[in-house]
């Protein structure tokens, strides 16, 4: 077995384990060479919320998440942490073959101006815009933690 094939098998196994919650809920998404796992949001009674999902650029070139939109929020920011006095990110760069996880207190999407509270069990649509792969619509599940 060549090094490239062995690396592809390891990457495939790692992605499978990383995206396990997506498999459990039978919803994952693809935009070009970008693979997106289970998307979830924390419940929130505030006017703001947070969305998380794992991503992977399965191609040979990097790509970037550059924007997101949803009817649930008047604005969505790309964030690297919960320090909201820091400016939002202009993009989230996905290196080829390197998983890009999101989680509370780390990388996430910040929903601002929510149209209604995020209640556990609810779902809503969001459109992600990638620099090279284009747009993809995903469904976000409101839950306390991934895999619920």
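Bear in mind that the values in this text are calculations on the coordinates, not laboratory data. Keep in mind it's a predicted model, so treat the numbers as computed, not measured. Neighbour counts run over all protein chains shown; Cβ positions are idealised from the backbone, glycine included.
Structure data summary
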{"item": "Filtered residues of region 59-92 (kept if exposed (fewer than 15 other Cβ atoms within 10 Å of the Cβ) and either at positive phi or part of a strand (DSSP E or B) (or both))", "result": "74, 75"}
{"item": "Residue match in region 45-58 (condition: free of Cβ contacts under 8 Å to residues at least 60 places away in the same chain and exposed (fewer than 15 other Cβ atoms within 10 Å of the Cβ))", "result": "no"}
{"item": "Listing of strands (runs of 3 or more DSSP E) fully contained in region 104-148 that carry 2 or more residues being closer than 15 Å to residue 47 by Cβ and within 14 Å of the chain's Cα centre (by Cα)", "result": "108-114"}
